[in-house]
Amino acid sequence: MVQDLIWPGAHWLNAGFLRNDWKEPQRPAPFFRREFEWEGGCRAVVSFCGIGYGELWLNGAKVEDAVLDPPPSHYDRRVGYRDYDITALLRPGKNTFGVTLGNGLYNPQTRETWHFDKVAWADYPKFLLRLLSDGNLLVA
């Protein structure tokens, strides 16, 4: 299980479920939503880490057309994250982030895949998100 936080003061967010047992029915993909205000006129960069898989949405549109992102890793050693310059996607005033999470290899649902049901790091999908606008933290 991932223990180290990528950014100081960050906390992993998930749907509050414990890890699925591969013998139980799968749970639906969780969706998260967060509104925030942006004054405009400055560069905005969002850092996003979704494990297993994560999709980041802004104002109803996917931030990038990538699928199955981030690539799987040894989650007990490291996790990947992506930075997106979203300045052009923001509008002054109220904006909304959406995040959809999927299991990927972080929460395997079958035991037939290289015994992933026995890995120590498996857990329900989670994510971190941080939005900086001209170096100021807007969303964490």
(request) Report, ordered by the first and then the second residue, all pairs with beta carbons closer than 6 Å, sequence separation of six or more or different chains, a first member in region 129-140 that is on the phi < 0 side of the Ramachandran plot and assigned to a strand (DSSP E or B), and a second member that is open to solvent by 60 Å² or more (accessible area, probe 1.4 Å) and aliphatic (A, V, I, L, M). (result) R130/A140; L131/L138
(request) Would you please name the residue that is farthest from L131 (Cα to Cα), looking only at residues in region 35-47 that are in contact (Cβ under 8 Å) with a residue 60 or more places away in the chain and open to solvent by less than 40 Å² (accessible area, probe 1.4 Å)? (result) C42
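Taking the condition open to solvent by less than 70 Å² (accessible area, probe 1.4 Å), at pLDDT below 85, assigned to a strand (DSSP E or B) and within 18 Å of H11 (Cα to Cα), does G50 pass?
Values: open to solvent by less than 70 Å² (accessible area, probe 1.4 Å): yes; at pLDDT below 85: yes; assigned to a strand (DSSP E or B): yes; within 18 Å of H11 (Cα to Cα): yes.
So G50 passes the test.
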(message) Only one of L5, L68 is at pLDDT below 90, open to solvent by 90 Å² or more (accessible area, probe 1.4 Å) and hydrophobic (A, V, I, L, M, F, W, C). Can you tell me which?
(response) L68
(request) Pick out the one residue from R91, R82 that is surrounded by fewer than 19 Cβ atoms within 10 Å (Cβ to Cβ), modelled with pLDDT of 80 or more, over 15 Å from N59 (Cβ atoms) and of a type outside the set (S, T, N, Q). (result) R82
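Check region 20-29 and report whether any residue there is open to solvent by 50 Å² or more (accessible area, probe 1.4 Å), in contact with a strand residue (DSSP E or B) (Cβ under 8 Å, 6 or more places away or on another chain) and modelled with pLDDT under 90.
Within region 20-29 (the criterion being open to solvent by 50 Å² or more (accessible area, probe 1.4 Å), in contact with a strand residue (DSSP E or B) (Cβ under 8 Å, 6 or more places away or on another chain) and modelled with pLDDT under 90), the answer is yes, since at least one residue qualifies.
The values are calculated or read from the model by the stated rules, or taken from the named source; none is laboratory data. What you are looking at is a predicted structure, and each value in this text was computed from that prediction instead of being measured. Cβ: placed from backbone, ideal geometry, glycine included. Neighbour counts: every protein chain shown. Note: areas computed on protein heavy atoms with side chains; ligands, DNA, RNA excluded. Shrake-Rupley method; radii C 1.70, N 1.55, O 1.52, S 1.80 Å.
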